[in-house]
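This report concerns only the one structure given below.
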Amino acid sequence: QLSLRNDQINIHIMFESRILFIVGVVFIRVKGQTINNHASYGISEQIQSSIHNLNGENPCPNAEDIAPCICSANVSGAGDFRQEMKCANISDSEELTRIFQSTMPVTNFTSLYIHDSDISGLHNGVFGDVTFEEVDIECHSLNAVEEDVFINMWPTLIHLNIYHGILEDFPYKTLVNSKSLTSLNVYSNNIGVILPISNSNLEWISISYNPITELPKGTFQELPHLYAFQISHTNISELPDDFLCGNDDLAWVDLSFNNIQHISSGTFNITSSDLSLIELGHNSITSLDVDAFIFPASREGLLMLNLFFNNISVLPEEVWRPLLEQDVQIDLFENNLDCGCDIAWLVLDDSLMQSHRLNRAQCYNGTSIEDLDQSYYLENC
């Protein structure tokens with residue numbers, strides 16, 4: 001679930017959830033009655049213009065022309081106008097093309113949903129002149145998206161979701177042309193390569209559940225407003241240096257369930273003062289270099305660093321003390337620490353131990369580090 005509130009995004013990891021966005025307020029009565037543009041807050045000018053030109057007629061095309069798709073135009077109790085196209089059981093890409101060649105009283109829709117269909121490719125021109133603000137496509141046979149398939153939508157498209165398909169590639173380069181896109185989800189496909197992405201508005205990206213092996217340096221550096229990204233359940237084994245440097249709005253990072261083994265110095269050279277969560281759980285991390293995580297002096301608020309279910313066994317002081325002294329909350333559950341003399345600096349520091357900044361850390365025998373005997377470390381280390 002992704003909810004937008006003012007300039008903040010609260011993200012909860014619910015992989016199978018749908019995303020609903022309210023984009024405007026317009027009062028509408030269809031089927032021969034008056035259509036009145038009462039107010040708008042974020043709804044595109046194209047949709048408002050189309051509504052004005054209808055003169056009270058139904059904005060949806062003939063049902064027979066677009067079957068098996070269904071068009072609906074309605075107003076919610078809050079006065080939010082939505083015109084949607086929902087499609088299921090489309091036999092192939094040719095049928096999809098035929099549907100969008102139908103006469104459309106309004107060509108500027110709010111949402112498009114395509115599910116449970118046998119579409120193998122989205123080809124340039126398939127949507128004709130029809131545009132959407134939200135596109136949600138779940139087609140298990142979808143293996144290709146051509147470079148200019150959304151070219152007419154770039155002025156209006158805000159949310160793009162293409163998931164549970166077999167895409168091996170995505171036209172990243174075309175994203176630079178979008179003037180409105182704020183979220184991109186290509187979750188659960190067969191994408192093996194990420195290329196650097198450039199877009200002036202993009203805030204949220206999910207590329208999880210893809211067989212990606214590498215995260216190139218500079219992947220996100222041309223996304224000035226990136227707020228959150230999710231690249232989990234991939235084959236990524238290492239991260240480039242400074243790969244988040246310059247993303248000054250970043251607040252949420254999910255790199256869990258990958259094959260990362262080591263974090264080098266300067267990997268997380270963070271320039272955002274608003275970062276609140278770094279998810280690195282369920283990897284194969286054994287060690288961190290000094291200055292693997294560098295945070296700006298202006299950082300405020302709680303920062304959670306989740307490293308649970310990894311293979312960390314020792315906690316060198318020069319690596320971990322700076323993190324704890326910067327008020328970073330670290331979760332080390334299920335790492336089976338050796339709890340040898342490498343941890344004496346921590347066990348003997350009452351201030352750090354009482355701060356509870358190292359959460360759920362346990363020795364290999366199940367003993368919590370908070371229960372370790374200080375006298376043992378005083379005598380033996």
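The values are calculated or read from the model by the stated rules, or taken from the named source; none is laboratory data. Here the structure is a predicted model, which is why all the values come from computation and not from measurement. Here the Cβ positions follow ideal geometry from the backbone for every residue, glycine too, while neighbour counts run over all protein chains shown. These area figures cover heavy atoms from the full protein model, side chains too; ligands, DNA and RNA do not enter into them. Shrake-Rupley method; radii C 1.70, N 1.55, O 1.52, S 1.80 Å.
Just add up the charged neighbours of Ser351: K/R +1, D/E -1, any other residue whose Cβ is under 15 Å from the Cβ of Ser351.
Working: positive: Arg321, Arg357; negative: Glu317, Glu325, Asp327, Asp349, Asp350, Glu370.
Surrounding charge for Ser351 is -4.
Starting from the Cα-Cα distance between Glu370 and Asp349, subtract it from 0.36 nm times their residue separation and give me the gain in nm to one decimal.
Values: separation 21, 0.36 × 21 = 7.56 nm, distance 1.12 nm.
Stretched out fully, the Glu370 to Asp349 stretch lengthens by 6.4 nm.
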**Message:** Using a probe radius of 1.4 Å on heavy atoms only, what accessible surface per residue do you get for the range 99-229? Whole Å² is fine.
**Reply:** 35
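I need to check one value: relative contact order of the range 174-293, counting alpha carbon pairs closer than 8 Å and at least 6 residues apart, in percent.
Details: 327 pairs, mean separation 23.4, N = 120.
Over the range 174-293, the number comes to 20 percent.
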**Prompt:** What spacing in nm lies between the two simple spin-label points modelled at Ala297 and Val193, each 7 Å away from Cα in the Cβ direction?
**Reply:** 4.3
**Fill in**
From most to least accessible, 1.4 Å probe, no ligand or DNA/RNA atoms counted, Ile137, Ile70 line up as Ile70, Ile137
**Prompt:** Quick one: how many Å² of Tyr364 are accessible to a 1.4 Å probe, rounded to 10?
**Reply:** 150
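Round to a whole number: what % of the accessible area of the range 247-294 belongs to carbon and sulfur, probe 1.4 Å? It would help to have the intermediate numbers written out before the result.
Values: 630 of 1490 Å².
Carbon and sulfur atoms account for 42 percent of the accessible area of the range 247-294.
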**Asked** Once the other residues with Cβ under 15 Å from the Cβ of Thr174 are scored (Lys, Arg +1; Asp, Glu -1), what is the net sum?
**Response** -3
**Request:** Quickly work out the Arg360-to-Leu378 label distance, labels modelled 7 Å from Cα along the C-beta direction, and quote it in nm with one decimal.
**Result:** 3.2
**Local electrostatic count at Val314 - Lys and Arg +1, Asp and Glu -1, tallied over other residues with Cβ under 15 Å** = -4
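Starting from the residue with the highest accessible area, list Lys179, Lys86 in decreasing order, probe 1.4 Å. Don't jump to the answer; show the numbers that get you there.
Details: Lys179 135, Lys86 105 Å².
Heavy-atom accessible area, descending, gives Lys179, Lys86.
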